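Q: Submitted below is the structure of interest, expressed as structure tokens.
The values are calculated or read from the model by the stated rules, or taken from the named source; none is laboratory data. The shown structure was predicted, so the numbers you read here are calculated from the model rather than taken from an experiment. Using ideal geometry, Cβ is built from the backbone for each residue, glycine included, and neighbour counts are taken over all protein chains shown.
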Amino acid sequence: MSPPNSSGAAPGPIRPPSLAVGWLASRPGLAWVVLAGGLLSTLAASLAAWEQRRARDELRFVAQTEYMRGAVAEQLNRCLDMLRAAAGLFAASETVQPDEWRRFAEGLGLERNFPAVRALGYAEKLPAAEISQRIENLRRHATENGRPAFAEVWPASNRETCYVVTMVEPLPRNWTALGFDLASDPARRRAADHAAESGEPAMTPPLELVQASGSPGVLMLLAVEPPEKSPPGLRNPGSAPCGWVYAAVVVPDVLAEVERRTGREVAMEVFDGPAASPGAELGRVGPLLVARENDSSKLHQRESRLTCCNRLWTFRFRALSSTGLAAWFAAPGPLGAASLGLCISAMAFMVFRTLSETRTRAEAIARRMTAELQLLNQAVESANDGVFILDAAQPDWPILYTNPAFQRMFEGGPSASRSGHTSLRLCGAPDETNLAVIPAQLKAGSCGHTVLQTRRSDGSVFWAEYSVAPLRNESGQITHYVGIVEDVTIRKEAEEKLSRACLELARIQEVLRAKINELKCSHEDLQRTQDQLIQAAKLESVGTLAASVAHEVKNPLQSILIGLDYLRHRLRDRVDEPTRMVLQDMSDAVKRADFIVRELLHFSANTSFEPHPEDLNAILERSLGLIQPQLCASRSVVIRHLETNLPPVQVDKGRIEQVFINLFLNALQAMSDHGTLIIRTHAVRVDGAAGLDLPPGGLIGRSGTVVIVSVQDTGPGIAAEHLPRVFEPFFTTKPQGLGTGLGLAVAKRILDLHAGWIQAANAPEGGALFTVVLPACDIEPQEPHETHSGCG
Amino acid sequence: MKRILVVDDEQAAARLLKAALELTGDYQARVVHTPEDALDAIREFQPHLVLLDIIMPGMLGGDVAQAIRSDPAIGDIPIVFLTAAFQPHLVREHEGVAPSDPCVAKPADLAEIIRVIERHARREPPSHLASSAPPTPPPQP
């Protein structure tokens, strides 16, 4: 569809995304690239943080090991200080007595301040010759002070000079050491000699101390001299010492103190000598580390050395709290960097992925809308009806668009419509007043609709149906009108034909209605006839029974009647009046019974029916002759208006006589005395019951002549409510004993047999009027009647 | 005195009719109740008239009439049909019943029967039967 020239028709424009976001969102795989880059960056940052952490850990580890080594050195130096203090005691005194040594040791608080020092002793350098004297002096002194004393130097030897332990504190746990000759042990003697020669403290290699069984220990020795030879505590090198103060130090206890102060983050092993040989182990903090020499793990480890008292100690350290994965996780730096990186990566991934999906969806929507628009465009362009769009914003509503069907419909007339300057009014409507209905309807708020004749550009006229609806923008304001024009010429012509056909149909309906009424009448007649036939069938069955019954009844009646006559003659002279009346009543009753039987048999007579051409006037005369006695008795007169040359009628003479006799007798009974019986006959030409002012009866569809007989009396007539019932069997208005109610029913039945009919009415001048119609011989034949068989 | 033969299977009606006729003093009556006995009774009794019922068990009245008329000796005896059929003309439909045959419908009183008898009865019995005929009583006024 060509876009309208108006600019306000675009509904709901979609705001385009920014250029950068659009570029990013247009690449669906970019989200994964961003995710991968984020993860790599996170890994690099984490590794850098981990390495930094590891370097920091290593520095901390080195510092820790130095601190631990310093702590060991400090412990040993404290021991040395203690020995120097003891040497000072000897320097300040000529002699040091055991109790003085004891007080000195107690003042030091060995167990509290020097837990690693198990013994603080003094070994004297004694020539073999002076040993016994010295032992004696010490024993005496010990006895005076209530303390134990040694009795001999042990182990015994032949040396000229012995290094005898003469004082040791705390004595209670070390008294077995008294008398021990240090020189007996080469390691102890070397250390003592070194101390004596160098004047410096000396330390033994690891020893098995009696004070700490199972734990390696060392003796720290410091040579002392008599006070006159040197300042207290000091000694000139090369001079002969008088003895040695020494401290028995348990190395594990030293290390335990170090462990107490530094914790167990770093394991430490101490070896005597320049190398960490397993046989020279002095003690350790933490687990055994020898087995991990070749461990390739990343745990920190190092070795360092310490020289103390002419002995070299080797320290081996190893970090116990790993800087590996656990530390990596425990460290806030790498974990934080990884977490932050992961979060940023995930968020970036989600953002790009959402952008990508949004763009994909938007593109799908755009494709669908484009397809729909194309479909709509094709539909409108291909439509058979004309479509046009009007610009509602401008006066006169110029046409913005018309589809090809519209242009074909007007045959090029609105070709200029695409220019946007042709209004709907100029589309060729011959009656602008009618077309003006559409704007009026639209302004009223409803859709415009009208059908009117429209002229094409070539001058031809066609019927067009216009339907116009408003188009509104988002604010509800009408911007355009869209309309459909349909060429309804064929429909209008069809409507006109239909209108004419409707009129014709209405006329046919009227005719049919008349026919239906006619058929209804015929149907009612047929229904009536059917009812009569049903009634006749019932009566025939009654008649069959009645005929046999009548024969059996008449014989007894005969007996009674003759019997009555016999009695009447027998008692002729002796019968009195009451008896005579009884006999007469009985005779009358028999005759009445016979009369009823005969009437009943006549009504239901299934005797043979033998019609012959007869002169109806002659039958009437013969019937009048048969009732002559009754005419005379009632003193009635008969007036005849009989048409001469009546056409013969096909009747059973005896049965028709019965009809007229019944009519005459009824008339005489109605008139009482001095009545007038008027009888008329005439013939009428009929054509399908037309021309006859009587019910058509059996003459429907038949043409010919009928003979009409009317019997009129001068009696009171028939009550209006009795007229419909006078032909019903056993219906009578006569007093009891005068009528059976069968006379007129028999007459009607007989006429039915002859395809004639009878009608009862009241004459205008009064009296009952019975009309009998019988078809003449020239009438078209009817279906033959059933022949009845007789019986005796 | 006329002789009347009553042929009727109704015995009571026949007996009463015989009694009533004879009570008048003008008639001598005989009664038979079966068609088979009728011919013998006619030959013997030589009636002036036969009152003949039509519907009887065994043989219809028409058949009896034919038998009578076929016999030259009694063939001229008048016959009046007496029937309980409801219409006299229907009697003529029976075989043996001539259209001119008189017919009386039951129930008929005595006067009607006498009227018919007097109209149709023979004046004298056949001569060849006169000798054997019972004596005719003198007619009474």
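Q: Scan segment A:449-508 for residues that are among the basic types (Lys, Arg) and either more than 21 Å from A:Ile399 (Cα to Cα) or not assigned by TED's automatic domain parsing to the domain that holds A:Ala405 (or both) and report the count.
A: Matching residues across segment A:449-508 total 5.
Q: Check segment A:604-617 and report whether any residue there is surrounded by fewer than 16 Cβ atoms within 10 Å (Cβ to Cβ), more than 60 Å from the chain's Cα centre (by Cα), more than 11 Å from chain B (Cβ to nearest Cβ) and modelled with pLDDT under 85.
A: There is no residue in segment A:604-617 that is surrounded by fewer than 16 Cβ atoms within 10 Å (Cβ to Cβ), more than 60 Å from the chain's Cα centre (by Cα), more than 11 Å from chain B (Cβ to nearest Cβ) and modelled with pLDDT under 85.
Q: From the set of residues in segment B:1-31 that are under 12 Å from the mean Cα position of the chain (by Cα) and among the small types (Gly, Ala, Ser), which is surrounded by the fewest Cβ atoms within 10 Å (Cβ to Cβ)?
A: B:Ala29
Q: Does A:Ser475 count as assigned to a helix (DSSP H, G or I) and small (Gly, Ala, Ser)?
A: No.
Q: In addition: In segment B:1-26, which residues are within 12 Å of chain A (Cβ to nearest Cβ) and either outside any helix (DSSP H, G or I) or in contact with a strand residue (DSSP E or B) (Cβ under 7 Å, 6 or more places away or on another chain) (or both)?
A: B:Val6, B:Asp8, B:Asp9, B:Glu10, B:Ala14, B:Arg15, B:Leu17, B:Lys18, B:Leu21, B:Glu22, B:Gly25, B:Asp26
Q: Would you call A:Glu504 farther than 24 Å from A:Arg408 by Cα, surrounded by 11 or more Cβ atoms within 10 Å (Cβ to Cβ) and over 42 Å from the mean Cα position of the chain (by Cα)?
A: no
Q: Out of everything in segment A:680-726 that is assigned to a strand (DSSP E or B), among the small types (Gly, Ala, Ser) and more than 19 Å from A:Leu751 (Cβ to Cβ), what residue ends up being modelled with the highest pLDDT?
A: For segment A:680-726, the residue satisfying everything is A:Ser703.
Q: If we keep just the residues of segment B:62-83 that are small (Gly, Ala, Ser) and farther than 21 Å from B:Glu118 by Cα, which is surrounded by the most Cβ atoms within 10 Å (Cβ to Cβ)?
A: Across segment B:62-83, the extreme among qualifying residues is B:Gly62.
Q: Select from segment A:279-303 the residues that are farther than 13 Å from A:Met68 by Cα and at pLDDT 80 or above and write down the one among them that is surrounded by the most Cβ atoms within 10 Å (Cβ to Cβ).
A: A:Leu282
Q: For segment B:32-46, state whether one or more residues are within 12 Å of the chain's Cα centre (by Cα), part of a loop (DSSP other than H, G, I, E, B) and away from chain A (no Cβ under 14 Å).
A: Yes: one or more hits.
Q: Which pairs turn up if I take residues in segment A:95-106 that are under 17 Å from A:Ala149 (Cα atoms) and look for partners that are basic (Lys, Arg) and part of a loop (DSSP other than H, G, I, E, B) with beta carbon separation below 9 Å, at least 6 apart in sequence or on another chain?
A: Hits for this filter: A:Pro98/A:Arg147; A:Asp99/A:Arg147; A:Arg102/A:Arg147.
Q: If I ask for residues that are within 14 Å of chain B (Cβ to nearest Cβ) and at pLDDT 70 or above, which ones from segment A:525-545 would you list?
A: Passing the criteria: only A:Leu545.
Q: Working only within segment A:574-592, note down all residues that are among the β-branched types (Val, Ile, Thr) and more than 8 Å from every other protein chain (Cβ to nearest Cβ).
A: If the condition is that a residue be among the β-branched types (Val, Ile, Thr) and more than 8 Å from every other protein chain (Cβ to nearest Cβ), then A:Val575, A:Thr579, A:Val582 are the ones that fit.
Listed here are the residues, each with its yes/no results for (1) surrounded by fewer than 21 Cβ atoms within 10 Å (Cβ to Cβ); (2) at pLDDT below 85; (3) not in a helix (DSSP H, G or I).
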| position | (1), (2), (3) |
| --- | --- |
| A:Pro556 | yes, no, no |
| A:Leu561 | no, no, no |
| A:Leu567 | yes, no, no |
| A:Asp573 | yes, yes, yes |
| A:Val582 | yes, no, no |
| A:Asp585 | yes, no, no |
| A:Lys591 | yes, yes, no |
| A:Asp594 | no, yes, no |
| A:His602 | no, yes, no |
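Q: Looking at (1) part of a helix (DSSP H, G or I); (2) of a type in the set (Asp, Glu); (3) in contact (Cβ under 8 Å) with a residue 40 or more places away in the chain, can you tell me which one A:Glu200 breaks?
A: (1)
Q: Now for a different question. If we keep just the residues of segment B:87-118 that are more than 11 Å from chain A (Cβ to nearest Cβ) and in a loop (DSSP other than H, G, I, E, B), which is modelled with the highest pLDDT?
A: Among those that are more than 11 Å from chain A (Cβ to nearest Cβ) and in a loop (DSSP other than H, G, I, E, B), it is B:Pro102.
Q: Determine if segment A:350-363 includes at least one residue that is at pLDDT below 85, loosely packed, with under 12 Cβ neighbours inside 10 Å and not hydroxyl-bearing (Ser, Thr, Tyr).
A: Looking for residues that are at pLDDT below 85, loosely packed, with under 12 Cβ neighbours inside 10 Å and not hydroxyl-bearing (Ser, Thr, Tyr), one finds none in segment A:350-363, hence no.
Q: Counting just the residues of segment A:86-100 that are surrounded by fewer than 16 Cβ atoms within 10 Å (Cβ to Cβ) and in a helix (DSSP H, G or I), which one comes out modelled with the highest pLDDT?
A: Here the residue is A:Glu100.
Q: Over 20 Å from A:Phe90 (Cβ atoms), modelled with pLDDT under 85 and not in a helix (DSSP H, G or I): does that describe A:Ala149?
A: no
Q: Could you count how many residues in segment A:546-573 are more than 7 Å from every other protein chain (Cβ to nearest Cβ) and within 21 Å of B:Leu21 (Cβ to Cβ)?
A: Number of matching residues: 8.
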